[in-house]
1. Only one of these is crowded, with 21+ Cβ neighbours inside 10 Å, within 10 Å of chain A (Cβ to nearest Cβ) and within 15 Å of residue B:14 (Cα to Cα): B:204, B:226. Name it.
2. Out of the residues in segment A:274-296 that are in a helix (DSSP H, G or I) and out of contact with any helix residue (DSSP H, G or I) (no Cβ under 6 Å at 6 or more places or on another chain), which is nearest to residue B:90 (Cα to Cα)?
3. So residue B:145 ticks every box in (1) touching a residue at least 24 places away in the same chain (Cβ under 8 Å); (2) in a helix (DSSP H, G or I); (3) within 17 Å of the chain's Cα centre (by Cα) but one. Which box is left unticked?
4. Is segment B:57-79 home to any residue that is within 14 Å of another protein chain (Cβ to nearest Cβ) and either at pLDDT below 95 or on the phi < 0 side of the Ramachandran plot (or both)?
5. Can we say residue A:183 is more than 14 Å from chain B (Cβ to nearest Cβ) and part of a helix (DSSP H, G or I)?
6. Being surrounded by fewer than 24 Cβ atoms within 10 Å (Cβ to Cβ) and either within 12 Å of chain B (Cβ to nearest Cβ) or in contact with a Phe, Trp or Tyr (Cβ under 8 Å, 6 or more places away or on another chain) (or both) is the filter here, so list the residues in segment A:256-265 that pass it.
7. Could you please find all residues in segment B:110-121 being more than 21 Å from the chain's Cα centre (by Cα) and either within 14 Å of chain A (Cβ to nearest Cβ) or closer than 18 Å to residue B:57 by Cβ (or both)?
8. From the residues in segment B:87-99 that are within 7 Å of chain A (Cβ to nearest Cβ) and in contact (Cβ under 8 Å) with a residue 12 or more places away in the chain, which one is nearest to residue B:173 (Cα to Cα)?
Amino acid sequence: MMMRSPGIAAALALLVVLVLLPLVLPKYYVDLVTQVMIYAIFAMSLDILLGYTGLPSLGHAASFGISAYTVGLVSLKVTSLFFVVMGAALGVSLALSALLAVLAMRSRGVYFLMITLALAQLLWGVAFQWRSLTGGDDGLTGIRRPSLGVSVSFADAANFYYLVLVFFVLVVVVLSVLVRSPFGNALRGIRESESRMASLGYNVWLYKFLAFVIAGTVGGVAGMLAAYHIGYVSPADLGILLSAKVMLMVILGGAGTLIGPALGAALVVLLENFVSAQTERWTLILGAIYVCVVLFAPHGILGTFKLKPRQAAET
Amino acid sequence: MTFWLVQTFNGLSFAMLLFLLAAGLSVAYGLMGILNLAHGSYYLLGAYLGLTVIKTTNNFLLAILCAVAAVAVLGVVMQRFFLRRFYKNELAQVLLTFGFLFIIGDLSLWIWGGNPQVLPKPSLFEASYRFGEVVVPSYRVFVIGLGLLVALGLWLFQEKTSIGAIIRAGVDDEEMTRGLGINTPFLFTVVFAVGAALAALAGVVGGPFVGVYPGADIEILLFALVVVIIGGVGSLKGAFVGSLVVGLLDNFGKALFPELALFTMFAPMALILIARPAGLFGKE
């Protein structure tokens, strides 16, 4: 408890700052922070799998992209009512991650990595080739911001920012409660030793399955918000580059925490925005960041500066 | 009938190309526990280097030699100075090799530009053979022959030579092999370099019909991964059978269901995984 109250105080202070930001920041930066929060949600969702359960998915973009495509298809062809679109998008990403979980969880270790990658890349291929439904590599354009049936317009950057903030806070609260719950402890136990948890009577498969589905659904939240944010979905939203980028965010910030991935997401998004404005060679620099993180900060920023003794003891 | 023959033939030549790629990827993981996502970059780099050499010297054989040698050196550097430090740490390997994938991809884009390019065929294989209604380009015959030759060579090397026996022992139990006094680190570097060289060879040889373009590295990597998943990690036989399966499925998929080509490759992969999670010839 001694640890938690300052943590909660800091979180509340951050929340106040986030609430006040649109009042002082220009529109460009409001958009940027919106983007940071969306990717923070995405990175935190992967961390449930990667950091807490020890399942290194290299296909996490699947849930992000399928949700984004659902938003695109439903809002362009059926209705723009937010709750309908959201229900469809999250339902589809939940169903998809359940399916992927069943397939991928038959394997472990490096096979898990390769299979999650191959499955996500397959969806990428379907999105790329099924032109009549998905628009192929042109993607789906002209996705309007959601309508809640009230007079608030989310086309306005600040209003949309607050919508994303609501989801961000919700996700942070839900995931914080989750990782501190007995369920979260069981996930960490599985990460440390699957066989020990199994012999203690835990249904390891079910826990891993649920972790996968939760991660996929929260990833779907990020994909939904991203589709609304930029108004555009393309196969890249399902692709390996995004899956690897979100993995980098998690590792860069510090896996096995919730702050870490959010921090990593903020760093990568901000760097990408500022570096891309300066040079065409962002990919080169991003590649160098990957290499440097592995060589110099394998436990992420949090691990390097804060948790060094404990992390070192763990490994 | 003509359709089936031509597609089977095209599928076979693509399958042989895939085998050149997947052999190195599979053995690198099976032997030294390295998952190298930059393996597709060797293909890309091999194809681009080959293109440059052909353009300047107009010599296909020289292009193969230069590309293979250069990429083998790159493989040695990557393995000795980077990957070796992250043995059995798959997450670090993934991020590290992904970094290399980005760096090599972007440097190639910088040097060779963004337009898709096709390598010229060697003049020796310009012609086509004709069997009734079936027209068979001799270049594809050459690719199939080359793939079979490499497969046979690798198989003989692995099964009949003492170094091959050491490699097999290393795949089974690396520590024990080292304990017997065998210099496994050196062996690992050599095997890794050979795998990289084969991928570069695939780049030059595949250049005339698959072509080379930004993003080819990732696309080729996916194919090679699916081959390894189907065949089983660390098994040459698995890589060979997997290549045949994927090469043929991809060709027929593209010809019969153009909108869902990747799905025809995926469905069998999912089926095989459900039946055998470690692939056809992999160890649990």
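The values are calculated or read from the model by the stated rules, or taken from the named source; none is laboratory data. Predicted, not measured: the structure shown is a model, and the values here were computed from it. As a convention, Cβ positions derive from the backbone with ideal geometry for all residues, glycine included, and neighbour counts pool all protein chains shown.
1. Being crowded, with 21+ Cβ neighbours inside 10 Å, within 10 Å of chain A (Cβ to nearest Cβ) and within 15 Å of residue B:14 (Cα to Cα) holds for just one of B:204, B:226, which is B:226.
2. Looking only at segment A:274-296, we keep the residues that are in a helix (DSSP H, G or I), and these are A:274-278, A:282-296.
Those left that are additionally out of contact with any helix residue (DSSP H, G or I) (no Cβ under 6 Å at 6 or more places or on another chain): A:274, A:277-278, A:288-289, A:292, A:295-296.
Numbers: A:274: 31, A:277: 33, A:278: 33, A:288: 19, A:289: 18, A:292: 16, A:295: 14, A:296: 16 Å.
My answer is A:295.
3. Of (1) touching a residue at least 24 places away in the same chain (Cβ under 8 Å); (2) in a helix (DSSP H, G or I); (3) within 17 Å of the chain's Cα centre (by Cα), only one is false for residue B:145: (1).
4. Within segment B:57-79 (the criterion being within 14 Å of another protein chain (Cβ to nearest Cβ) and either at pLDDT below 95 or on the phi < 0 side of the Ramachandran plot (or both)), the answer is yes, since at least one residue qualifies.
5. Criteria met by residue A:183.
6. Scanning segment A:256-265 gives a single hit, A:256.
7. Of everything in segment B:110-121, those that are more than 21 Å from the chain's Cα centre (by Cα) and either within 14 Å of chain A (Cβ to nearest Cβ) or closer than 18 Å to residue B:57 by Cβ (or both) turn out to be B:110, B:111, B:112, B:113, B:114.
8. We begin by selecting, within segment B:87-99, every residue within 7 Å of chain A (Cβ to nearest Cβ); these are B:90-92, B:94-96, B:98-99.
Remaining after also requiring in contact (Cβ under 8 Å) with a residue 12 or more places away in the chain: B:90, B:94, B:96, B:98.
Values: B:90: 18, B:94: 23, B:96: 25, B:98: 27 Å.
The selected residue is B:90.
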